[in-house]
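Notes follow once the structure below has been shown.
The values are calculated or read from the model by the stated rules, or taken from the named source; none is laboratory data. Everything numeric in this text was worked out from a predicted model, so none of it was measured. Glycine also receives a Cβ, built like all others from the backbone with ideal geometry; neighbour counts cover every protein chain displayed. Side chains included, ligands, DNA and RNA excluded: accessible areas come from the protein's heavy atoms. Shrake-Rupley method; radii C 1.70, N 1.55, O 1.52, S 1.80 Å.
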Amino acid sequence: MNFGEIHNWLRETDEGRLEELWALADEVRRRNVGDEVHLRGLIEFSNHCVRRCAYCGLGAHNPNLKRYRMTAEEILACAHLACELGYGTIVLQSGQDSGISAQWFADVVTKIKKATPLAVTLGLGERNAEELALWQAAGADRYLLRFETSDPSLYERIHPDLNGVKSDRIAILHQLRDLGYEIGGGVMIGLPGQTYETLARDIDLFRQLRLDMIGCGPYIHNPRTPLAQADDELRAADDMQVPNDETTSCKVIALARISCPLANIPATTALATLDGQSGYELGLQRGANVIMPNITPAEYRALYEIYPAKAGVDQADDYHEFLKERIAAIGRMVGTGRGDSPGYISRTETSTCAT
Ligand code: 5AD
């Protein structure tokens with residue numbers, strides 16, 4: 001699907017036509033990644049952050065947030081819980097925490113890889129090349145780093161420099177890929193200043209970057225962020241500004257699936273936050289094939305407050321069973337094994353053959 005077609009779909013309002021988009025995305029999903037829904041155990045292990053991303057509640061600009069950093073033992077216990085629940089992957093996610101030393105974290109990854117068969121996905125923000133290489137050598141399999149927007153001036157507005165160094169996530173995604181990680185990127189939908197044209201370009205970039213994983217969810221207004229104040233000033237004209245609603249979020253999931261048929265695409269927590277009743281189901285029926293249940297210990301979960309009222313914060317202990325029932329109710333099944341992206345598998349197999 002080319003840029004023009006993506007752009008037209010993003011602006012489509014006719015419900016009958018949109019049904020065609022949902023059906024096409026669902027069919028592409030079924031043919032390329034099957035009916036399995038892979039569950040990734042999400043461990044939000046530190047909410048410290050040195051950055052000031054304008055949209056995020058964890059940023060250093062928020063003095064009202066109680067900060068935590070889990071111990072290696074606590075992280076290991078979560079990894080074991082993920083195994084017990086039958087998950088094939090854990091996602092170790094944190095703010096960009098300068099208090100996490102590269103070696104300490106490499107040791108955590110090594111321990112997890114020794115003790116469990118889990119695939120390990122990382123999301124620790126914009127870390128330097130040596131750190132990323134060290135963690136990959138320790139056994140980390142995948143890395144998530146959303147590029148948030150492909151519009152350079154909007155990107156710069158919402159991602160202030162750190163110590164005079166410009167934020168450049170697209171460059172880091174290239175590094176990650178060269179290091180041999182499976183790479184994940186994505187954007188928020190409905191960010192103030194995001195136009196339909198920009199968003200179409202974002203989706204085109206998913207394909208150009210050959211992302212193995214694509215995470216997209218609606219932007220959720222957070223009053224405790226700099227963007228809450230700059231919202232009006234950044235917003236594009238009404239007929240250009242992308243809304244941060246459920247239908248638009250689903251369009252992006254569907255178009256991401258059609259553009260990158262082999263990628264792993266989650267129905268995100270942000271989508272479930274917007275629509276607690278059926279956000280996950282709609283995502284899964286419009287292109288997604290992954291859910292990332294939060295297995296962070298309850299005492300920390302509420303403190304990972306990227307945005308208010310985040311789904312899963314007050315989930316019950318039997319949430320896992322509830323999720324499995326919801327997946328079965330839409331005729332899908334919980335995935336088994338690591339659930340690597342088929343695109344990544346064929347890429348690494350080809351390179352093995354070539355050498
Ligand atoms: N609304 C929605 N998503 C957000 N994220 C951060 N802040 C918000 C917000 N206010 C997303 C970003 C980031 C990911 C970890 O969470 O896309 O990359």
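Quick notes on this structure:
- Of the residues in the stretch 76-96, at least one is farther than 30 Å from R326 by Cα and touching a Cys at 6+ places or on another chain (Cβ under 8 Å).
- The listed residue being farther than 27 Å from Y319 by Cα, touching a residue at least 24 places away in the same chain (Cβ under 8 Å) and open to solvent by 10 Å² or more (accessible area, probe 1.4 Å), out of D97, D107: D107
- Condition met for A82 (at pLDDT 95 or above and farther than 24 Å from P308 by Cβ): yes
- All positions within the stretch 66-107 that are in a loop (DSSP other than H, G, I, E, B) and within 13 Å of the ligand (Cβ to nearest atom): G95, Q96
- Residue check for Y344: of a type in the set (S, T, Y), at pLDDT 95 or above and either within 16 Å of the ligand (Cβ to nearest atom) or under 23 Å from V28 (Cβ atoms) (or both): no
- Counted residues, the stretch 128-140 - those being in contact (Cβ under 8 Å) with a residue 40 or more places away in the chain and open to solvent by less than 30 Å² (accessible area, probe 1.4 Å): 2
- Looking across the stretch 256-311, the residues that are under 25 Å from R207 (Cα atoms), open to solvent by 20 Å² or more (accessible area, probe 1.4 Å) and part of a loop (DSSP other than H, G, I, E, B) come down to P261, L262, R286, M292.
- Selection status of K324, within 16 Å of the ligand (Cβ to nearest atom) and either touching a His at 6+ places or on another chain (Cβ under 7 Å) or of a type in the set (D, E, K, R) (or both): no
- Check on L205, of a type outside the set (D, E, K, R), modelled with pLDDT of 95 or more and either crowded, with 22+ Cβ neighbours inside 10 Å or within 16 Å of the ligand (Cβ to nearest atom) (or both): yes
- On the stretch given as the stretch 119-174, residues that are away from the ligand (no atom under 15 Å from the Cβ), of a type in the set (A, V, I, L, M) and part of a helix (DSSP H, G or I) total 6.
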